[in-house]
Amino acid sequence: MTEKQDETLAAVTAKAGLPASTDERRFAPGAVEQTEHQHRTLVEGVPHLIWRSCDLGLWTWASPQWLTYTGQSQDESHGRGWLDVVHPQDHAHTLAAWAAAIGKGELDVEFRVRRAADGRWVWHHTTSLPLRDETGRIIEWLGSTTDIQPYKDLQLRQAELLDKAERHAQELEAEVGRRMQAETRLQHAAYHDNLTGLHNRAWFMERFRQSLRTNGAPPTCSLLFLDLDRFKLINDSFGHPAGDTLLAEVGQRLQGCTQGEAALARLGGDEFAALVEGFDSMDAALRLAERINEALRRPFMVGTREVTATCSIGVAHAMAGHSRYEELIRDAGVAMYEAKANGSGGCAVFTAAMRDKAAEALMLESDLRQALSRGEFSLRYQPICDADTSGIIGVEALIRWRHAERGDVPPSQLIPAAEKAGLIRNLGQWVFRKACAQMLVWHERYPTLDLQLNVNASADELRDGQYLADIQEILATTRFDPRRLQVEVTEGVFLRQPETTGEILDGLRALGVRIALDDFGTGYSSLAYLSRYPVDTLKIDRTFVSDMLTQRRTREVVEAIIRLGHAMDLLVVAEGVEEDAQLQALRASGCDLVQGFLLGRPLNAADLEAVLDEQARLGPFIT
Ligand code: C2E
Ligand code: CA
Ligand code: CA
């Protein structure tokens, strides 16, 4: 110690009223008592529990604070007695720390002590340093133990908080991950088509817009608009899941064709589009169309069945005037319809003339709306005859539309246009009411002929929930005998909404109305529906009759249909009989009824009356 330090120490001790030197402190009169008193106040004043032990950790003395804190007596704390108030779970590590301390010369351990005041286990931090003799051997330990529960609590709380924070962070991370995934999924869903995995309409429009953004330069792209031929029929015949399978497969083949050369998308339903870019896009588009038609030529497997699915393709080239993608899509669509009209599996390039034609179709629709009120519709009645006697047993009502400017519009245009315009119900009702009224006149005039009335119902009509009620109402108001009525439906009707159609047909049957299956043999699955639905009559499609004399197999088909019909107790009608030889062949095959130009064209009421007059007078004639 330096002299200066000595002086400072002396000054401090003096000020504190303590003996100036060690010797003085030890030997001043009353010094022992004073020192002891000081020690006691020190030991009892500090917020630590103090103890002494022998070299092996057996306690020899515990401070009054320990005794108060633990409720132990001095004796109880001696030896290993202090361990009695240490938590049993902490014994092992505390004793291990002691064992280590004896070698290390330093004890530092934490254990729980039972607090007498409330019986609670309280964490304590215990440190101790040894006293050694001159040889360095440990003779005693002096130790103190301190309540660190607040600190432990804090630690615990911190750990909890940390844990919570960690969990929160993990949750957050997971949530972010989930959101990102969802976002990616959404993004994907927003621009992709679920069924085919191709891009969708939204993506295509976006892509297309970009392509038309040329900063004033003429655009250099071509658009292919594809639509599957007869897809509805496939959907209707095999069901929607099968239709979906087909679409997915078509999508894959298209992708195989366009790979890298064109942007491809499914626009919806059975419509696809491809965009070809570049200065030779026109030629490239036509080459692509060829490749596509080639690729679709291979049959598809739908379930266990093989089907062919051609597509019609419309091509439109972007021109200087095309600034909006809608225009180009519309043009390509118009070209596609033209291709379709020219037969399945074709391709057409858009021309202005096509647009005029399309506009015309639209006008047709709007004219149709007025036609009913203007009385532009009329009915023709085509005789249905007994195959053996050629006598008229009934008529089929066929609609005619004479347009003021266009002239006659054939039903093949009129019916689809009416369906599209949502007017088919009105049209059907009109036909039905008119035909019933006419038939009532004839029933009265020619009671012996016992004429039956055949009326056509389109698929759209039967899909209308009101159909049955409409028929019932008309039958009731006209007082027409339902047993003299036959409704002609095509297969398409059964396929689209099998349950509803079944109910409607059952309803008709319950009224006494009979049901004929029209155009039999042209659909996909005629036979399945025969056993499922109430059918009374089969009408063999015209195409079979027209070929039956030139194609042996077709004739066999006709004969098979007749046998099948008879086996099922159905009447069989042959449609489109134009030649006598056909009639003879049908007669020979046992066909029940015949219909066709040979026996009578569709006639207006007055002309048919002339025929009926004659028949009523002379009876049926045999040719
Ligand atoms: P469909 O029910 O198969 O009617 C028979 C069609 O074949 C009629 O054509 C008829 O004129 C024609 N036809 C009859 N005999 C012969 C023949 O010997 N040779 C040839 N080449 N053709 C013959 P139309 O009147 O043009 O009707 C076409 C289709 O339009 C009908 O086919 C029917 O599906 C539909 N249709 C006609 N009128 C109505 C109607 O009032 N309502 C509904 N929903 N559809 C109708
Ligand atoms: Ca018919
Ligand atoms: Ca027919």
Report, by chain and number, residues whose modeled amide H sits under 5 Å from the one on Val122, excluding near sequence neighbours (fewer than 5 apart, same chain). Val113, Arg114, Arg115
For the stretch 172-181, just list the computed ³J(HN,Hα) in residue order, Karplus coefficients 6.51, -1.76 and 1.60, θ = phi - 60°, integers in Hz, with x standing in for Gly and Pro. 4, 4, 4, 4, 4, x, 4, 5, 5, 4
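What relative contact order, as a whole-number percentage, does the stretch 538-623 give when Cα pairs under 8 Å and 6 or more residues apart are counted?
Once normalised by length, the contact order is 26 percent.
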Shape verdict for the stretch 248-398, please, from the Cα gyration tensor: rounded (a/c under 1.5), prolate (a/b greater than b/c) or oblate. oblate
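About its Cα centre, how strong a charge dipole does the chain have in debye, to the nearest 20, once Lys and Arg get +1 and Asp and Glu get -1 at the Cβ? Could the numbers behind the result be given before it?
Details: 67 positive and 90 negative charges, 127 e Å.
The calculated dipole for the chain is roughly 620 debye.
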Rounded if a/c is under 1.5, else prolate if a/b beats b/c, else oblate: with a ≥ b ≥ c from the C-alpha gyration tensor eigenvalues square-rooted, which is the stretch 464-623? oblate
Taking chymotrypsin sites (Phe, Trp or Tyr not before Pro) that fall in a DSSP loop and have at most 11 other Cβ atoms within 10 Å as cut points, what is the longest piece of the chain between them? 280-620
For the stretch 59-141, which trypsin sites (Lys or Arg not before Pro) are both in a DSSP coil and crowded by at most 16 other Cβ atoms within 10 Å? Arg80, Arg120, Arg137
Each label sits 7 Å from Cα toward the beta-carbon; between Ala159 and Met205 the label points are separated, in nm, by 6.0
If you fit an axis through the alpha-carbon atoms of helix 424-445 and take the longest principal axis of the Cα set of the chain, what angle between them do you get, 0 to 90°, nearest 10? 30
Angle in degrees between helix 498-511 and the longest Cα principal axis of the chain, rounded to the nearest 10: 40
Search the structure for amide H atoms under 5 Å from the amide H of Val572, placed 1.01 Å from N in the peptide plane, and list their residues when 5 or more places away or on another chain. Leu538, Asp592, Leu593
Along the stretch 210-217, Karplus-curve 3J(HN,Hα) (6.51, -1.76, 1.60; θ = phi - 60°) to the nearest Hz, with x for Gly and Pro, reads 4, 5, 8, 7, 10, 6, x, 6
How large is ³J(HN,Hα) for each residue in the stretch 77-82, as worked out from phi by the Karplus curve 6.51 cos²θ - 1.76 cosθ + 1.60 (θ = phi - 60°), to whole Hz, x for Gly and Pro? 7, 5, x, 9, x, 4
Longest principal axis of the chain (C-alpha) makes with the long axis of helix 240-258 (C-alpha) an angle, in degrees to the nearest 10, of 80
Here P(r) for the stretch 449-494, Cα-Cα distances in 10 Å bins, as whole percents, is 24, 52, 22, 2
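Length gain on complete extension for the stretch Asn215 to Ala96, per 0.36 nm per residue less the alpha carbon to alpha carbon distance?
Result: 34.3 nm gained on full extension.
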Net lengthening on full extension, Ile138/Ala469 (0.36 nm per residue, minus Cα-Cα): 107.8 nm
Just in the stretch 394-427: which GluC sites (Glu not before Pro) are loop by DSSP and have at most 11 other Cβ atoms within 10 Å? Glu405
Quick query: amide H of Thr490 versus all other amide H atoms, modeled in the peptide plane; which residues come in under 5 Å with a sequence gap of 5 or more or a different chain? Asp518
Using alpha-carbon positions, the gyration tensor of the stretch 179-234 gives root eigenvalues a ≥ b ≥ c; with a/c under 1.5 called rounded, otherwise prolate if a/b exceeds b/c, else oblate, the class is oblate
Per residue, how large is the accessible surface of the chain? Use a 1.4 angstrom probe and give square angstrom. 53
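When the convex hull of the C-alpha atoms of the stretch 146-224 is computed, what volume per residue in Å³ does it have?
Looking at the stretch 146-224, the number lands at 128 Å³ per residue.
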Compute the normalised compactness of the chain: alpha-carbon radius of gyration over 2.2 N^0.38 Å, N being the residue count. 2.03
Of all trypsin sites (Lys or Arg not before Pro) in the stretch 319-428, which ones are in loop regions per DSSP and have a Cβ with at most 16 other Cβ atoms within 10 Å? Arg324, Arg406
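Could you compute the FRET efficiency for Glu578 and Asp280, with r as their C-beta to C-beta distance and R0 at 45 Å, rounded to 0.05?
0.35
The values are calculated or read from the model by the stated rules, or taken from the named source; none is laboratory data. Here the structure is a predicted model, which is why all the values come from computation and not from measurement. Ideal geometry is used to build each Cβ from the backbone, glycine not excepted, and the neighbour counts take in all protein chains shown. These area figures cover heavy atoms from the full protein model, side chains too; ligands, DNA and RNA do not enter into them. Shrake-Rupley method; radii C 1.70, N 1.55, O 1.52, S 1.80 Å.
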